[in-house]
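Down below is the structure, laid out as structure tokens.
Since every read-out is calculated from the coordinates, none of them should be taken as a lab result. Everything numeric here is computed off the predicted structure, so don't read it as measured data. Here the Cβ positions follow ideal geometry from the backbone for every residue, glycine too, while neighbour counts run over all protein chains shown.
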Amino acid sequence: DVKVTQSSRYLVKRTGEKVFLECVQDMDHENMFWYRQDPGLGLRLIYFSYDVKMKEKGDIPEGYSVSREKKERFSLILESASTNQTSMYLCASTDQSSGSYNEQFFGPGTRLTVL
Amino acid sequence: AQTVTQSQPEMSVQEAETVTLSCTYDTSESDYYLFWYKQPPSRQMILVIRQEAYKQQNATENRFSVNFQKAAKSFSLKISDSQLGDAAMYFCAYRKIIQGAQKLVFGQGTRLTINP
């Protein structure tokens, strides 16, 4: 089974702190994604990566950065956490697209609270 | 731009009955994929069913089926014989490809409650 794991299920940080959210997948997937999930807004894409050291901005990248030094690991970084970044963060991964559909597999999520 | 709209924030159904969740989308593409994902409470998001736009036949997975109306850009999910384990957030999603990566655009979600 594909497994996508996230470093923490719950995290509480203070405004201004630097926050790292880690995601690891064990299926050698090329593509990895970070979403945030908010009530009434669904999931919105923050950043994605289609290869090691490659990254692309999603729909809401402001206030975030990412790092992908190894294929299996994709990190989301909040340089200076703010209260409006309190949210559920979901990581996902998938095979490289070959024209047909490749399912996105999701991690369990990290619920981040910024005080 | 592709958008996905779920107009029902919450739905409830009696156990063993049938419920339909609505989804509409907007796209200028002719070939695309649509999905329904399920997020149970405190558990991981999983794929329920997918539909390829070029296929006229509606997709079915056991008790889950879709009503895909391409001209109307409508993609509803029908759950038959509802079970307590079906209680979850359900997200409709559209796939688009950027830089060779499959990006999903999600709707706002519908919270489904199953009444025993």
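Key figures
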| read-out | value |
| --- | --- |
| Convex hull projection area averaged over all views, the stretch A:53-115, Cα basis, nm² | 5.2 |
| Orientation-averaged projected area, Cα convex hull of the stretch A:4-95 (nm²) | 5.5 |
| Projected label distance in nm at A:ARG9 and B:GLU15, using a 7 Å step from Cα toward the beta-carbon | 2.5 |
| Whole-Å distance, taken between Cα centres, linking the stretch B:1-66 and the stretch A:55-115 | 23 |
| Chain B: most fluctuating residue of B:ALA71, B:ALA88, B:ALA16 per GNM, C-alpha cutoff 10 Å | B:ALA71 |
| For chain B, the longest site-free run once GluC sites (Glu not before Pro) in DSSP loop states with at most 14 other Cβ atoms within 10 Å are removed | B:30-116 |
| The protein assembly as shown - convex hull of alpha carbons, volume per residue in Å³ | 122 |
| Distance histogram for chain B (every C-alpha pair counted, 10 angstrom bins, percent rounded to whole numbers) | 14, 48, 30, 7, 0 |
| Choice from B:ILE97, B:ILE46, B:ILE79 with maximal GNM fluctuation in chain B (Cα, 10 Å cutoff) | B:ILE97 |
| B:ALA71/B:ILE46 FRET efficiency (R0 30 Å; Cβ-Cβ; nearest 0.05) | 0.50 |
| Peptide A:105-111 - average C-beta neighbours from other chains (10 Å radius) | 3 |
| Cross-link pairs beyond the 26 Å C-alpha cut-off, checked among A:LYS70/B:LYS103; A:LYS70/B:LYS38; A:LYS3/B:LYS78; A:LYS3/A:LYS57; B:LYS38/B:LYS96; A:LYS13/B:LYS96 | A:LYS70/B:LYS38; A:LYS3/B:LYS78; A:LYS13/B:LYS96 |
| Peptide B:36-45 - average C-beta neighbours from other chains (10 Å radius) | 4 |
